[in-house]
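Worksheet for the structure shown next.
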Amino acid sequence: MLRFVNEEVGAKKLGAMLVEYAPNVTSPGVHYHEERESAYIVLEGSAVMKLDGVEHRLESGMVAFLSPGEVHGIVAIGEEGFKMLEIWSPLGQDRISVQEQES
């Protein structure tokens, strides 16, 4: 992950980072944010995003919007890996990990 918009460059409310996953890599835990809104802009590859227990396929060129309180996690699929741009607001620590329920 490469954070390129944050407090270190003077941002007060907005964050942005480039996120890359190797094939079949899972994001670090299922979680939600109490206040944060996020936009995922998929640049390359494919992934499955679990959002509130429902799986959604993400592909290059797609944009996903996440509202506060939505429980989510990502698994990269395919042989090429997965790359996305994540933009969020507000800045600051706002990540609540949850135990994923077995189906």
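FYI, it's all coordinate maths here, none of it is from the lab. Please read these numbers as outputs of a predicted model, since none were measured by experiment. In this analysis, Cβ positions are derived from the backbone assuming ideal geometry, glycine residues included, and neighbour counts consider all displayed protein chains.
Once you order the gyration tensor axes a ≥ b ≥ c over the Cα atoms, which shape class does segment 63-103 get: rounded for a/c under 1.5, otherwise prolate or oblate by comparing a/b with b/c?
Taking the square roots of the gyration eigenvalues as a ≥ b ≥ c, segment 63-103 is oblate.
In which sequence would Arg36, Arg95 go, from the one with the fewest C-beta neighbours within 10 Å to the one with the most?
Ascending number of Cβ neighbours within 10 Å: Arg95, Arg36.
Apply the Debye scattering formula to segment 2-93, with a single equal point scatterer on each alpha-carbon and no solvent, then give log10 I(q)/I(0) at q = 0.15 Å⁻¹.
At q = 0.15 Å⁻¹ the computed log10 ratios are -0.55.
Please report Met1, Met49, Met84 as a ranked list, fewest other C-beta atoms within 10 angstrom at the top and most at the bottom.
Met1, Met49, Met84
Karplus couplings for segment 44-50 from phi (6.51 cos²θ - 1.76 cosθ + 1.60, θ = phi - 60°), rounded to Hz, Gly and Pro as x?
8, x, 9, 8, 10, 9, 8
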